[in-house]
């Protein structure tokens, strides 16, 4: 079921009812501490990662985190660790969770007209985290707002599979407390608008794009109130908010921003994946005939993707060669070519393209993980280990790298190292309980030297302390 429409309102109810979340102590601690926020975010992510709609596409994840951290670096509280991820859902929505987790629905990415619009939404969600808006909502509960929040959250949760019913649920809880909660949320939204716009402007994006995107959302809702856009159900949008945004950019000239190649190609990749499989190539070809694509490389990328999605790698390869002839630099183009060659079962050319791509983009993690998996599948274990070890020195928090390293060690018969690397993968995937279990298995292995044993014991002690703190 779709949980993503309601997470922002759902979290206060989680705090009130979940027994495995941290005890906030006496009334003076009704506001979440930074440590509480991190633990709450991890608890929420454990559930989110289990959902079918959680999108772990490495290319999309890499892009969202790249643009996200550009924005975070220009925010007012840039010391927080953030994690940006996608939800495979066509509804226009985004949400943030305490602890620095920001989700973007794929439908919202597809609906943006330029990269600045996407940056505006992401900047807005970053501000919700840096301004600790969930903590403020919890503080307001001491004024009698919790029952209203609970009813609203339950109503929205019941409607998550059918957004049309959400309005009736909210109406059932109307009254003074609901109005207080909505007013409070609007204050949060205005603050997130202001800071999000400031952040995106510092990062080099056009602040006018934030206004135009929210104007389109508001207009779309007015045209069809029964199918109100999901984003606006959890992020109240008023005429006053729009006016505030317009006033902030009124005296600022529009900024000319060139969309990144990655933004254009990934947005098109998502759009192609939403097309009927058998009709996708014809639909893209028709768009090309109508000159519906602004950039030729985007058109060629879409057509190659559509042919590949339709299970026809040969015409996909022809379209990809045309794309490659555009001489556009992006690892996404090589990644698409690799997928096509793999669909053709052309291992020799697949490896050659990996070599070529990694020479040009040696630090692109999706390429490294893809190549390491290819090498492991073909029993080139030592070479895979070299690539993984090199990548982990630069990206020591990447769970996928540790997963592949664990697989490599297991294939080599290294029992301790296999469990130890798997423990690291689970830890960096927010699964602390399972990480501890893997570390315990590592310590039971008989092939660890004294240094490895000591390292694992120290790590286990640290993780147990962290786990106990989170369950107080």
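Where a number appears in this text, it was derived from the coordinates with a stated rule and is not lab data. Since the model is a prediction, treat every value here as computed from it, not as a measurement. Cβ coordinates were reconstructed from backbone atoms using ideal geometry, including for glycine residues, and neighbour counts include every protein chain displayed.
Distance between the modelled labels on residue 69 and residue 360, one decimal in nanometres: 2.3 nm (7 Å Cα→Cβ projection). Computing FRET efficiency as 1/(1 + (r/R0)^6) for residue 78 and residue 450, where r is the C-beta to C-beta distance and R0 is 45 Å, gives about 0.65. Take 378-386, 102-110, 437-445 and order them by the average number of nearby Cβ atoms within 10 Å per residue, most first; the result is 102-110, 437-445, 378-386.
For the pair residue 327 and residue 240, a Förster radius of 60 Å applied to the C-beta separation gives a FRET efficiency near 0.80, rounded to the nearest 0.05. Simple spin-label estimate for residue 50 and residue 462 gives 2.8 nm between the two label positions (7 Å along the Cα-to-Cβ direction from each Cα). In this structure, residue 347 and residue 33 have a Cβ-Cβ separation that, at R0 = 51 Å, corresponds to a calculated FRET efficiency of about 0.45. Based on the reciprocal of the average 1/r between different C-alpha atoms, the Kirkwood radius for the stretch 261-470 equals 19.3 Å. For the peptides 265-275, 242-252, the ranking by packing is 265-275, 242-252, with the highest mean count of neighbouring Cβ atoms within 10 Å listed first.
Sort 213, 82, 450 so the one with the fewest other Cβ atoms within 10 Å of its own Cβ comes first.
450, 82, 213
Fewest neighbouring Cβ atoms within 10 Å first, the residues 185, 260, 454 line up as 454, 260, 185. Projected label points at residue 191 and residue 291, each 7 Å from Cα along the beta carbon direction, are separated by 5.0 nanometres.
Of the residues 57, 278, the one with the fewest other Cβ atoms within 10 Å heads the list, and the complete ranking is 278, 57.
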